[in-house]
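The values are calculated or read from the model by the stated rules, or taken from the named source; none is laboratory data. All of these numbers come straight from a predicted model, not from anything done at the bench. Positions of Cβ are generated from backbone atoms using ideal geometry, with glycine treated the same way; all protein chains shown enter the neighbour counts.
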Amino acid sequence: MTTISTADARQAARDAMEGLALGDAFGQRWFGPARVPAEAVERIRARRTPEEPRWHWTDDTAMALCVYRALLDQDGINRTRLAAMFGATYLADPARRYGYGMTKLLPVLAEHPERWQAEARALFDGQGSLGNGAAMRVAPLGAWFAADLDEVAEQAEYSAEVTHTHPEGVAGAVAVAVAAALAARGRTPDGAPYGESLLREVADLTPAGAVRTGLRAAAELPRETDPGRAAELLGNGRLISAADTVPFALWSAAHHLEDLAEGLWTAAEGLGDVDTTCAITGGVIAAGSGTAGVPAAWRERREALPEWVALPERPERPAGSEGSAGSAGE
């Protein structure tokens, strides 16, 4: 347990949602046929802000908004209701660059959210998804429950299992949620662990497997390591798996907890699944230090989030979240 207040944790979660969306939209700018890797790296190293007038976010943010909304409405994850929100959100705007597995799963969940467990387990020939989708959306949840790391891990598992039942997909979500919770604790007098210390603490609380192994490797890499080299060693999300994404994204965050913009530049330089590595990095950093230090132009260009994100009180519920909260994790 920690001394972080409920009000501070709620603000940290709201900031994490903003940072996640900014990272997602910023990272997305480094895709496209005109941006060959060498050109992209040159622009990133020169800190040349992407020129597009509007930075739209992707499925990373769309699904994170569902998680954050579940917290506002229910103060915890009810998996059937989260499945309904994921499905309704997908049908309302399917052009947010959802991954292949989600394009198969989410339309079913929109009609039959109670079937989330069987349908998610059936993905990828019955193995379930080990992808990075559960990790990319979970930072606000980690901040929300920052006072209790056991609850962070439990709720992260609930949020992951709706779409990612493979142990590595779940582990990726737990790792990012714990990292965001630790970062949020930086708002207290006790402060947050930093760099290697944060990565080691996250690894200790992550289920055994490839994600944990990657986090321990990340803890061995100094802050001064070239981001491209770090991505080569840890993975940059090119394989879309949690194990190939989370260690590098959290390495980028752990060494820049005081500087969101620099953390995003670092994550972007690793290329790969850039919107997702930047979404994870942005959510974790903002959970601790907010978004105040990012350039004004970035704020202006990023696609706005729904107005209810900035509200201190619970807003009117969207489609898919009707009814009472029921049992957490149900």
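Can we say Ser241 is modelled with pLDDT of 95 or more, small (Gly, Ala, Ser) and under 18 Å from the mean Cα position of the chain (by Cα)?
Values: modelled with pLDDT of 95 or more: yes; small (Gly, Ala, Ser): yes; under 18 Å from the mean Cα position of the chain (by Cα): yes.
For Ser241, the condition - modelled with pLDDT of 95 or more, small (Gly, Ala, Ser) and under 18 Å from the mean Cα position of the chain (by Cα) - is met.
Taking segment 86-119 as the range and being over 23 Å from Leu305 (Cα atoms) and crowded, with 18+ Cβ neighbours inside 10 Å as the test, the residues that pass are Gly101, Leu105, Leu109, Pro113, Trp116, Glu119. Selection of first residues in segment 142-164 that are over 19 Å from Ile285 (Cα atoms) and free of Cβ contacts under 8 Å to residues at least 12 places away in the same chain and of second residues that are crowded, with 24+ Cβ neighbours inside 10 Å and not charged (D, E, K, R), restricted to Cβ pairs under 7 Å at least 6 apart or on distinct chains, gives the following pairs, ordered by first then second residue: Glu151/Phe145. Residues that are under 20 Å from the mean Cα position of the chain (by Cα), assigned to a loop (DSSP other than H, G, I, E, B) and of a type in the set (S, T, N, Q) were ranked within segment 84-136; the one that is nearest to Val162 (Cα to Cα) is Ser129.
Before we move on, is Thr291 among the polar types (S, T, N, Q) and either in contact with a His (Cβ under 9 Å, 6 or more places away or on another chain) or assigned to a loop (DSSP other than H, G, I, E, B) (or both)? The answer is yes for Thr291. Only one entry in Arg81, Arg69, Arg43, Arg14 is farther than 21 Å from Ala134 by Cα and assigned to a helix (DSSP H, G or I), namely Arg43. For residues in segment 296-326 being part of a loop (DSSP other than H, G, I, E, B) and modelled with pLDDT of 95 or more, which is surrounded by the fewest Cβ atoms within 10 Å (Cβ to Cβ)? Only one residue fits best here, namely Ala304.
On the given criteria, is Thr3 closer than 29 Å to Ala146 by Cβ, hydroxyl-bearing (Ser, Thr, Tyr) and at pLDDT 95 or above? Lay out the reasoning, then the answer.
Details: closer than 29 Å to Ala146 by Cβ: yes; hydroxyl-bearing (Ser, Thr, Tyr): yes; at pLDDT 95 or above: no.
Against the criterion (closer than 29 Å to Ala146 by Cβ, hydroxyl-bearing (Ser, Thr, Tyr) and at pLDDT 95 or above), Thr3 does not qualify.
Can you list the helices (runs of 4 or more DSSP H) lying wholly within segment 163-248 that have 2 or more residues being under 25 Å from Asp148 (Cβ atoms) and among the basic types (Lys, Arg)?
Details: elements: 167-184, 196-204, 210-219, 227-234.
Helices (runs of 4 or more DSSP H) meeting the threshold: 210-219.
Find all pairs meeting these conditions: Cβ atoms under 7 angstrom apart; at least six residues apart or on different chains; first residue within segment 230-249 and closer than 16 Å to His166 by Cβ and touching a residue at least 24 places away in the same chain (Cβ under 8 Å); second residue outside any loop (DSSP other than H, G, I, E, B) and acidic (Asp, Glu). That search, which allows pairs on different chains as well, returns Ser241/Glu168; Ala242/Glu168; Ala243/Glu168. Looking at Leu215, Leu199, Leu130, just one residue is touching a strand residue (DSSP E or B) at 6+ places or on another chain (Cβ under 6 Å) and buried (at least 24 other Cβ atoms within 10 Å of the Cβ), and that residue is Leu130.
If a residue must be closer than 18 Å to Thr245 by Cα and in a loop (DSSP other than H, G, I, E, B), how many such residues does segment 137-162 contain? Total satisfying the criteria: 2.
Looking at Ala62, Ala25, Ala21, Ala16 in this structure, which one is without any contact (Cβ under 8 Å) to a residue 60 or more places away in the chain, buried (at least 18 other Cβ atoms within 10 Å of the Cβ) and either within 25 Å of Met102 (Cβ to Cβ) or touching a Ser or Thr at 6+ places or on another chain (Cβ under 6 Å) (or both)? None of the other options fit; the residue is Ala62. Screening Leu271 on (1) surrounded by fewer than 24 Cβ atoms within 10 Å (Cβ to Cβ); (2) without any contact (Cβ under 8 Å) to a residue 40 or more places away in the chain shows it passes everything except condition (2). Within segment 283-294, residues that are under 17 Å from Val246 (Cα atoms) reach partners that are assigned to a loop (DSSP other than H, G, I, E, B) with beta carbons closer than 7 Å, at six or more positions or on different chains, in the pairs Ile285/His256; Ile285/Leu257.
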